[in-house]
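Let me begin by presenting the structure, written as structure tokens, before commenting on it.
The values are calculated or read from the model by the stated rules, or taken from the named source; none is laboratory data. Being a predicted model, the structure only gives us computed values, none of them experimental. Virtual Cβ from ideal backbone geometry, glycine too; neighbours counted across all protein chains shown.
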Amino acid sequence: MIEVAKKILTEQFLCTHCLGRQFALLGYGLSDKERGEIIQNALVMEYYEHISTDEEISQMIKNISKCNNEVATRSFYKATKEKVEQDKITCELCDGLFDKLSDFVLEIKQLLLKEDYQSFLIGAIFPVKLIEREDNFRAKYSITTSETMKEEFTREIGKSLSNETGKAPSFDLPDMTIIIDLQSNKIKLEKRSLYIYGRYRKYIRTIPQTRWPCWECDSKGCKKCNFTGKMYQESVEELIANPVIKITGGTGSKFHGAGREDIDALMLGNGRPFVLEIQDPNIRSVNLKRIKKIVNRKAKGKVKVGQLAITSKKKLQHIKNSSTKTKKTYRAKISLEDEISSELILKIIQELHGVVIKQKTPQRVMHRRANLERPRTVYDIKVKKTGEKEIEAEITGQGGLYIKELISGDDGRTLPSFSSIIGFKAKCYQLDVIRLHYEY
Ligand SMILES: [Zn+2]
Ligand SMILES: [Zn+2]
């Protein structure tokens, strides 16, 4: 180690960080700067006797002295009776980057002043020139015990920032990622999205679950959408997200529902689980009770939310994947072609209760779903007569069971169906979700 260090320092000027970093993998518990200081001191001691006689060694001790090394400065004076001229020279490896650590920390602290975060991660973009220079340097001196400049730089900034702000560095899920771009000399903050879990109920038959862009003008605004860029002026998503975006100062949102109901269907009972993702939030520590109150007041009579909780991206995946594993209970209002007898009503219940239905992709969704035959279970069914040619049914089925087609038969594509059992046409004209049977 001493041999290599001597060779390096007689040939070029390296700062203490860059010297120590070449030996970063030797032993534990030292920063690269501390390693550098130890090696500098060892070199002074090893070659002290030759300072006044050997020109190369004299130059090396001068270079060490210029890194603010007191041992080198005093030893040089003792040996030669001359002072080292403290002219400013720049590290030939990092271009003086490590002299500016505290400036970077100060600048980042300023940027973070108004930000709401608990954990952070430091990232850096290095100029190709520096990376190549370091690679060549290591090759030249056959160094295999170093870490990269980027590793040391980001770690040291992270350490000081943590000391000064009291916030924790985190590699896993940092609230804030701070990217120091040394190519453009800019510092960028990336905020992790905020995920809010909840359940919603929907009380009107005129709004879709998510924002529905106008397909005529591709959201640009046209006559058809009344220059709003949207097919529907409101959605469950917007009713919930807009107040939350305002409160958190986010730049946008994404709405992830555990399945969806038709636009004209109500969503009742215990509500449908969702995760609202707020992008780029200024405020993370939100008061969920207040959010619930504000959303429910603004969306009164349309949508109501409850059970709000802060959640993670992981839970979001879980909610997205769970929709066919869950049971759903629907209430359907059905009109009939003919009058129905109580025997026929009984027959519907007997032939559908606990039965696996074979259901080909409904004609109305054929344009966006693959044409498959799916087996779906009807777990429970209740039917009552509500008029001469009208019945109402409460059906609990496996997730993914198409209820409207279970009733109409969809021209024989769903078997058995209400129509196939009673022998004349049945049609669902109103359908609501009255309960989702979720286990979380
Ligand atoms: Zn350096
Ligand atoms: Zn339009």
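The table below gives the values:
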quantity	calculated
Per-region count, region 407-440, residues under 39 Å from the mean Cα position of the chain (by Cα) and outside any strand (DSSP E or B)	3
Qualifying residue in region 189-208 (condition: among the aromatic types (F, W, Y) and either within 21 Å of the chain's Cα centre (by Cα) or not assigned by TED's automatic domain parsing to the domain that holds L239 (or both))	yes
Boolean, S219 is more than 21 Å from K314 (Cα to Cα) and in contact with a helix residue (DSSP H, G or I) (Cβ under 6 Å, 6 or more places away or on another chain)	no
Residue in region 413-429 that is surrounded by 14 or more Cβ atoms within 10 Å (Cβ to Cβ), under 23 Å from Y203 (Cβ atoms) and aliphatic (A, V, I, L, M) present	no
Scan of region 376-397 for residues that are in contact (Cβ under 8 Å) with a residue 60 or more places away in the chain and either of a type in the set (K, R) or closer than 22 Å to R413 by Cα (or both), ordered by number	A393, E394, I395, T396, G397
Selection count, region 224-241, where residues are buried (at least 16 other Cβ atoms within 10 Å of the Cβ) and either in a loop (DSSP other than H, G, I, E, B) or away from ligand 2 (no atom under 16 Å from the Cβ) (or both)	12
Qualifying residue in region 85-96 (condition: crowded, with 18+ Cβ neighbours inside 10 Å and under 30 Å from S193 (Cα atoms))	no
Residues satisfying the stated conditions in region 89-147, i.e. closer than 21 Å to A24 by Cα and among the small types (G, A, S)	G96, G123, A124, A139, S142, S146
Some residue of region 157-164 being surrounded by 15 or more Cβ atoms within 10 Å (Cβ to Cβ) and of a type in the set (V, I, T)	yes
Checklist (1) among the β-branched types (V, I, T); (2) touching a strand residue (DSSP E or B) at 6+ places or on another chain (Cβ under 6 Å); (3) away from ligand 1 (no atom under 16 Å from the Cβ) applied to T144, failing item	(2)
Any hit, region 258-271, residues being within 19 Å of the chain's Cα centre (by Cα), more than 16 Å from ligand 1 (Cβ to nearest atom) and at pLDDT below 90	yes
Every residue from region 11-31 that is surrounded by fewer than 19 Cβ atoms within 10 Å (Cβ to Cβ) and over 17 Å from M60 (Cβ atoms)	A24, L25, L26, G27, Y28, G29, L30, S31
Residues (in contact with a strand residue (DSSP E or B) (Cβ under 9 Å, 6 or more places away or on another chain) and within 16 Å of ligand 1 (Cβ to nearest atom)) located in region 50-108	F104
Test: I294 is of a type in the set (V, I, T), in the same structural domain as L239 (by TED's automatic domain parsing), in contact (Cβ under 8 Å) with a residue 12 or more places away in the chain and outside any helix (DSSP H, G or I)	no
Test: L173 is part of a helix (DSSP H, G or I) and either within 25 Å of the chain's Cα centre (by Cα) or surrounded by 15 or more Cβ atoms within 10 Å (Cβ to Cβ) (or both)	no
Residues (touching a residue at least 60 places away in the same chain (Cβ under 8 Å) and exposed (fewer than 13 other Cβ atoms within 10 Å of the Cβ)) located in region 112-141	K114
Residue check, I196 aliphatic (A, V, I, L, M) and either free of Cβ contacts under 8 Å to residues at least 24 places away in the same chain or in a strand (DSSP E or B) (or both)	yes
